[in-house]
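The values are calculated or read from the model by the stated rules, or taken from the named source; none is laboratory data. From a predicted model like this one, the values you see are computed outputs, not experimental measurements. Ideal geometry is used to build each Cβ from the backbone, glycine not excepted, and the neighbour counts take in all protein chains shown. Accessible surface areas use protein heavy atoms only, side chains included; no ligands, DNA or RNA. Shrake-Rupley method; radii C 1.70, N 1.55, O 1.52, S 1.80 Å.
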Amino acid sequence: MSEHREFEQVTAKAHANIALIKYWGKRDEQLFLPMNSSLSITLDKFYTETSVHFCEDLKADVFIFNKCIANVAETNKVSRYLDHIRKMAGVERYAMVQSINYVPTAAGFASSASGYAALSSAAARAIGLDVDEKKLSQLARIGSGSASRSIFGGFVEWTKGNLDDGSDCYARQIEEESYWDLCILAIQLSDKKKSISSRAGMKHTVETSPFYNIWVKEAEKDLGLLKDALQQKDFERFGHVTESNALKMHATTLGANPPYWYWEAGTISVMNQVRQLRDSGVLAFFTMDAGPNVFVICQQKDKEVVENTLLTLDEIEQIYVCQPGPGVTYLSK
Ligand code: ADP
Ligand code: DP6
């Protein structure tokens, strides 16, 4: 790898996002093209900061992950991703990558989304690629699908597209973070690494679950309903569609062969508690990504009562009170 150009170290900060309409299943595994479009809220409290420096004197990529040298599997994953960036830029140089997650890793709090949004943004700028946000969302996508949405703040739609080359598959902001002052309570029941990653789980479901085709149809319908409720700021409809979409996604895992699920006892306790809150007149709704932890969405005025009610449950380790957050930013040295 010989080149004498100087490359700057670039640090990017990207926030995680919670999907209200889930991305679940790929139509192309190499290009990370999804079977269905999805919609998320970017979260202000959970984020990743990643620095990338393409250095002349490195003999291989180095990945420092949460202040430790990453294991071979994680380093190879990042390296394979950087190969795409190097190919696009026509540059052959290894990189020093340092990343810190201010979000539990691999626990269903979307670290892969903030992780790859930060990595793609930092790497693209560090290598001198001139890419707009649409292209950046496509670059993030080939690291982790949900990362395509974390390029943007607020309410974000990731359109599945139809073309085989993925050129019509990208994310975009549909409403800014200040559009609606919703509150998202991220309920931590466990910060342990889940046993089935989102990637493996969705692949297994596409391949074996008889419910999968129904999921794809329902997800597209739910997306239309959710966007409509969002435009009307109709929180009750918004919440019901969110909750029902999450349940449909998780139902596909029960139909898989062999079946599996991401929930734990505490997950069900939170779901029950949220429904009881609704029975008592407080509008709160739940959703879960691929993991046991639950996100509860409510209006700001109900934040305290929802949080205090949930805190009575023994299974809860911690509650992070989030709001819609910003898109990618670059940090100066
Ligand atoms: P999560 O629910 O946290 O998104 P996943 O299993 O979908 O869980 O993804 C976790 C994986 O994402 C990690 O094992 C790692 O490979 C990748 N990842 C997470 N954070 C980062 C990061 N900051 N930089 C690079 N890769 C990351
Ligand atoms: C349940 O984006 O982590 O959180 O594209 O294989 O990296 P890969 O999967 P990932 O899957 C996210 C699945 C989900 C739903 C969502 O975020 O839309």
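Would you mind putting 135-141, 14-20 in packing order, based on average other-beta-carbon counts within 10 Å, highest first?
Averaged packing, sorted descending, gives the order 14-20, 135-141.
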Given 63, 287, 210, which one lies farthest toward the positive end of the charge dipole of the chain, if we put +1 on the Cβ of every Lys and Arg and -1 on the Cβ of every Asp and Glu?
-> 210
If we count every other residue with Cβ under 14 angstrom of residue 145's Cβ, Lys/Arg +1 and Asp/Glu -1, where does the sum land?
-> +4
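Rounded to the nearest 20 Debye, what is the dipole magnitude of region 239-333 about its Cα centre when Lys and Arg each give +1 and Asp and Glu each give -1 at the C-beta?
360 debye
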Amide H contacts under 5 Å for residue 43, restricted to residues at least 5 apart in sequence or on another chain and with H modeled in the peptide plane, are 16, 17, 18, 325
Divide by every residue of the chain the summed helix terms, -39500 (n - 2.57) for each DSSP H run of at least 4, and state the resulting mean residue ellipticity at 222 nm, rounded to the nearest 500 deg cm²/dmol.
-> -12000 deg cm²/dmol
Between residue 80 and residue 236, take the C-beta separation as r, use R0 = 56 Å, and let me know the FRET efficiency to the nearest 0.05.
-> 0.80
Residue with peak Gaussian network fluctuation, the chain [Cα springs, cutoff 10 Å], from 24, 261, 215 | 261
Where 250, 240 fall by accessible area, highest first, once all protein chains stay in place (1.4 Å) | 240, 250
Under 1.5 on a/c is rounded, so check that first for region 179-303, then, if it is not, pick prolate when a/b is larger than b/c and oblate when it is not; a ≥ b ≥ c are the square roots of the alpha carbon gyration tensor eigenvalues.
-> oblate
Could you work out the relative contact order of region 92-167, using alpha carbon pairs under 8 angstrom and six or more residues apart, expressed as a whole percent?
-> 25 percent
Putting +1 on Lys and Arg Cβ atoms and -1 on Asp and Glu Cβ atoms, find which of 142, 113, 267 reaches farthest to the positive end of the dipole of the chain.
-> 142
Note, residue 328: beta-carbon cut-off 15 Å, +1 each Lys/Arg, -1 each Asp/Glu, net +1
Most packed first (mean Cβ within 10 Å per residue), the peptides 45-56, 304-315, 95-106 order as 45-56, 95-106, 304-315
Could you pull out the pairs from 194/233; 45/203; 45/233; 22/192; 67/248; 248/301 whose alpha carbons sit more than 27 Å apart here?
-> 194/233; 45/203; 67/248; 248/301
Relative to the longest principal Cα axis of the chain, at what angle does helix 212-232 sit, 0 to 90 degrees, rounded to 10?
-> 80 degrees
Looking at the square roots a ≥ b ≥ c of the eigenvalues of the Cα gyration tensor of region 73-212, which shape do they give, rounded for a/c under 1.5, prolate if a/b is larger than b/c, or oblate?
-> rounded
Length-normalised contact order of the chain in % [C-alpha pairs under 8 Å, at least 6 apart] | 25 percent
Full-stretch length increase - residue 59, residue 305 - with 0.36 nm per residue and alpha-carbon distance subtracted = 83.0 nm
Compute the semi-axes of the equivalent ellipsoid of the chain, taking the square root of 5 times each eigenvalue of the Cα gyration tensor, and list them largest first in whole Å.
-> 33, 21, 19
What the 10 Å binned alpha carbon P(r) of region 33-146 shows, as percent of pairs per bin from 0, is 13, 48, 32, 7, 0
Using a simple spin-label model with points 7 Å from Cα along the Cα→Cβ vector, what separation in nm is obtained for residue 329 and residue 196?
-> 3.8 nm
Of the heavy-atom accessible surface of the chain (probe 1.4 angstrom), what whole percent is carbon and sulfur?
-> 50 percent
With the dipole of the chain defined by +1 on each Lys or Arg Cβ and -1 on each Asp or Glu Cβ, the option from 184, 223, 235 whose Cα lies farthest towards the positive pole is 223
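Roughly how big is the chain's charge dipole about its Cα centre, with Cβ charges of +1 (Lys, Arg) and -1 (Asp, Glu), in debye to the nearest 20?
With only Lys, Arg, Asp and Glu charged at Cβ, the dipole is about 480 debye.
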Could you check the simple spin-label distance between residue 280 and residue 214, using points 7 Å along Cα→Cβ, in nm with one decimal?
-> 3.4 nm
